[in-house]
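Computed from the coordinates by the stated procedures, all read-outs in this text should not be read as laboratory data. Given the structure is predicted, the values throughout are model-derived calculations rather than measurements. A quick note on method: Cβ atoms are made from the backbone with ideal geometry, for glycine too, and the neighbour counts reach across all protein chains shown.
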Amino acid sequence: MSSPCALLAWTFLTLLGLGVAQEDLTPCSPIVPRREWRALPSTCKQRLDLPVRCVVVSHTAGSPCDTPASCMRQVQNVQHYHVRTRGWCDVTYNFLIGEDGLVYEGRGWDIQGAHAGGGWNSKSIGISFMGNYMDRAPPQRALRAAQSLLACGVARGALSPNYEVKGHRDVQQTLSPGDQLYEIIQTWPHYRY
Amino acid sequence: MRKAKLWGLLGMLFVSELQAAAGQAEEKKILTEGETLNYHCVYTRKHSQSQKAWQRVMDGGKAETLAFTEKTSKNSQELGGRYFLEDNTTQGAVHVRMTNVQMSDSGLYRCVIYPILSNPEVLESLRLVVTKGPSDSPSPDKNPPRDKAQTTTFPPATKAPVTQPPPKSTAGVSRPGLEVNPTHVTDVTRQREARVPTRRKEPDPSLSLQHHTIASRLNASQWVASQASGLEPAAGGEPAAGGEPGPCPGTLVRMRTRNKALNPAEARGTCWRIFPWKP
């Protein structure tokens, strides 16, 4: 007699608990899928053990783009460079952010990236802002897109709820993500040095 | 009564949320006996100049330091018996290697900054679970056995004492009374043959140690590996840049096997330490 009630109670409490854990209940905002930006097929096999506890933020140090059309071309350029010139199995980042305010799917949540070397790649998601942010900052819409992506990661169980954000220069010897962007991410709530 | 249950559930949920928020998350790795743990402890650049240590955390919270990286060399290794640390400061990761894991190795480990403070700075935590090897029941293989090398782990998870880890007090690579000279080898032979009837598992004849060759081939690597005589892999004598295996330090010897069931890569490259047979 009490078991369906107990089940209901348990379900209610679980949902309540999940609600408490989530930072904000916005659904995942659209990510431009690989097919749409005409990605070369990936030959990467190494999967990620989810959820990961870290996000590494970098910049491509290449050209920025501020329209969906130009960003689509730019993501292709980045992938071409990584695959054709550098010989990697795919673009090295899990996701890329354009100044058009859109997120572009790289290796995605499930496949290990090659963005931060050694042990970090197997324990983190790498997101990269397309552009060079030493002397200028990305626009607000790009930063919002990145934050939304990370919230989405938590909602999907790809990121731990207490994930940590690190700058690329925190984990490798590099200027990435650029002085200006690095200063910004240090103010993010999940940033940990 | 029901109200109490509901409050109990609510309380549990609250506590679990708290635990999720506070403290360090643990990684988890599951291995079978005999395998080698390869683990990367990552750290940010603020620790690139620090030494790191690998600890085991006992029930009750007390931690035991198993190995730590040396101060002098940047990419350093620390020989601690079965624990090897290699700190790659450019990559921001310590490569931890634990050879020949046993079920007794199951537990909680962590990478910390060395020297270790009373409130240690923990880089990463790892929960290691070591399961029994496939010696008792035929377990399905992930890879189809193209050749037998895939199906057995080396050394196999038998009940032989060869699988026991050496006592922690062993400092260097040499053990007292184990000089590999012809006299001692004969002793080992006699001991081994005397104990044959009491052994619980018959050794594979293709694995038998050819004692008569030991005396004449102490520096070479022409032996056939044997589990039953109490051999365990040890460090040292890693292949030089040219690919030729280097000489083994001290009382270690290099093994080669004709038995295709053994993983040839494991057997050939390793230096082996001989210790007395204990039934």
Taking a ≥ b ≥ c as the square roots of the eigenvalues of the Cα gyration tensor, with a/c under 1.5 meaning rounded and otherwise prolate when a/b exceeds b/c and oblate if not, region A:70-116 is oblate
Each label sits 7 Å from Cα toward the beta-carbon; between B:Lys71 and A:Trp188 the label points are separated, in nm, by 3.8
Cα-based Rg then Dmax for region B:25-127, in Å, read 12.9, 36
Checked region A:131-193 with the C-alpha gyration tensor, a ≥ b ≥ c its square-rooted eigenvalues, rounded below a/c of 1.5, otherwise prolate if a/b is larger than b/c and oblate if not; verdict oblate
So B:Lys46 and B:Ser106, fully extended at 0.36 nm per residue minus their Cα-Cα distance, gain in nm 18.5 nm
Scalar couplings 3J(HN,Hα) for region A:166-172 by Karplus 6.51 cos²θ - 1.76 cosθ + 1.60 (θ = phi - 60°), nearest whole Hz, x for Gly and Pro, are 10, x, 4, 6, 6, 10, 9
Singleton cysteines, chain A, no second Cys beta-carbon under 4.7 Å -> A:Cys5, A:Cys54
Per the C-alpha gyration tensor (a ≥ b ≥ c, the square roots of its eigenvalues), region A:46-151 is rounded if a/c is under 1.5, else prolate if a/b beats b/c, else oblate; here it's oblate
Listed residues A:Ile125, A:Ile31, A:Ile97; largest mean-square fluctuation, Gaussian network over chain A with Cα springs below 10 Å, found at A:Ile31
Within chain A, excluding any trypsin sites (Lys or Arg not before Pro) found in a DSSP loop (not H, G, I, E or B) and having at most 16 other Cβ atoms within 10 Å, the longest uninterrupted segment runs A:137-191
With only helices counted (DSSP H, runs n ≥ 4, each -39500 (n - 2.57)), the per-residue ellipticity at 222 nm for chain A, to the nearest 500, works out to -10500 deg cm²/dmol
If the chain between A:Gln46 and A:Thr67 were fully extended at 0.36 nm per residue, the gain over the current Cα-Cα distance would be 4.3 nm
Given pairs A:Lys166/B:Lys71; B:Lys28/B:Lys62; B:Lys46/B:Lys132 and cut-off 29 Å on Cα-Cα distance, the over-length ones are B:Lys46/B:Lys132
Taking r as the C-beta separation of A:His80 and B:Asn119 and R0 as 35 Å, the FRET efficiency to the nearest 0.05 is 0.10
Counting only DSSP beta bridges with both partners in region A:52-171, the antiparallel fraction in percent, to the nearest 5, comes to 20
